[in-house]
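S.K.: I have a structure here, written as structure tokens, and I will follow up with some questions on it.
Values in this text are rule-based calculations from the coordinates and carry no lab data. Given the structure is predicted, the values throughout are model-derived calculations rather than measurements. Neighbour counts are summed over all protein chains in view; Cβ atoms, including those assigned to glycine, are modelled from backbone coordinates with ideal geometry.
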Amino acid sequence: MKRIGILLADLFDEREFLYPYYRVLEAGYLPVVLGPEAREYRAKSGFAWKAELGAAEAPELAGLLIPGGFAPDYLRRSPAVLDLVRRVAEAGKPLGAICHAGWVLIGAGLVRGKRVTGFASIRDDLVNAGGLYQEEGVVVDGTLVTAQGPKDLPEFMRAFLRLLG
């Protein structure tokens, strides 16, 4: 069974984690929850989920999803997370980032020249990093799928799963 990584850190948006987790499972893939380290992380609401592995221990992945919330601010501080995100992108595998997850893409140096979207408050960050910001709910540029927020989850996951084939 092919594995899809999902990154977590404290203050993740549980909707942007749970919806993709179960959509990946329904599509016949194995979701692998990863964090800067293997431990339990708490969502903004207090909901908790355990990362099975640290990013440095990630197995071979068919794709990677990055939920939003405030977790991306922590994720982008982890060299192991940024290395994993770069490796997935460089391998041409689907990479999905929703809401504030664009911060992780910026940290990994993956935004310059790419059509992207994200939560309105990180628009300037995406533009200043060289991204071609689109005022759309979901944007696909090659194997990169970005979305603005929870309302875009159905279209975001349809686009991501299409890229997986």
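S.K.: Non-local amide H neighbours of GLY63 (under 5 Å, H modeled in plane, Pro and chain starts lacking H): which ones?
M.R.: Counting only residues 5 or more places away or on other chains, the set is GLY5.
S.K.: Using the Karplus curve 6.51 cos²θ - 1.76 cosθ + 1.60 with θ = phi - 60°, what ³J(HN,Hα) values do you get for each residue of segment 140-148, in whole Hz, with x for Gly and Pro?
M.R.: With coefficients 6.51, -1.76 and 1.60, one gets 10, 9, x, 9, 9, 10, 10, 9, 7 Hz.
S.K.: Beyond 27 Å, how much of the Cα-Cα pair distribution for the chain remains, as a whole percent?
M.R.: I get 11 percent for the Cα pairs in the chain exceeding 27 Å.
S.K.: About the Cα centre of segment 3-164, how large is the charge dipole given +1 on each Lys and Arg Cβ and -1 on each Asp and Glu Cβ? Please answer in debye to the nearest 20.
M.R.: 160
S.K.: Determine the dipole magnitude for segment 52-135: charges of +1 sit on the beta-carbon of Lys and Arg, -1 on that of Asp and Glu, nothing else is charged, the reference point is the Cα centre, and the result goes in debye to the nearest 20.
M.R.: Charge dipole, segment 52-135, about its Cα centre: 260 debye, nearest 20.
S.K.: If you look at just the Cα atoms of segment 94-165, how large are its Rg and its Dmax in Å?
M.R.: Rg and Dmax of segment 94-165, Cα atoms, are 10.7, 33 Å.
S.K.: Around VAL116, which amide H atoms from residues at least 5 apart in sequence, or from another chain, sit under 5 Å from its own amide H, with H modelled in the peptide plane?
M.R.: Amide H to amide H, under 5 Å and 5 or more residues apart or across chains, VAL116 pairs with LEU132, TYR133, GLN134.
S.K.: Give me the distance between the Cα centres of segment 45-86 and segment 88-165, rounded to whole Å.
M.R.: Centre-to-centre distance over Cα atoms comes out at 15 Å.
S.K.: Now for a different question. If the reach is capped at under 30 angstrom between alpha carbons, list the lysines near LYS50, excluding any in the same chain fewer than eight residues apart.
M.R.: By straight Cα distance, LYS50 reaches LYS2, LYS93, LYS151.
S.K.: Would you tally the net charge around SER45, using a Cβ to Cβ cut-off of less than 11 Å, leaving SER45 out, and scoring K and R as +1, D and E as -1?
M.R.: So the environment of SER45 carries a net charge of +1.
S.K.: Report the local net charge at GLY165: Lys and Arg +1, Asp and Glu -1, summed over other residues whose C-beta lies under 14 Å from its C-beta.
M.R.: Every neighbour counted, the sum reads +4.
S.K.: Taking amide hydrogens as modeled 1.01 Å from N in the peptide plane, which residues meet the under 5 Å criterion relative to ALA97, leaving out close sequence neighbours?
M.R.: ILE66, VAL145, THR146, ALA147
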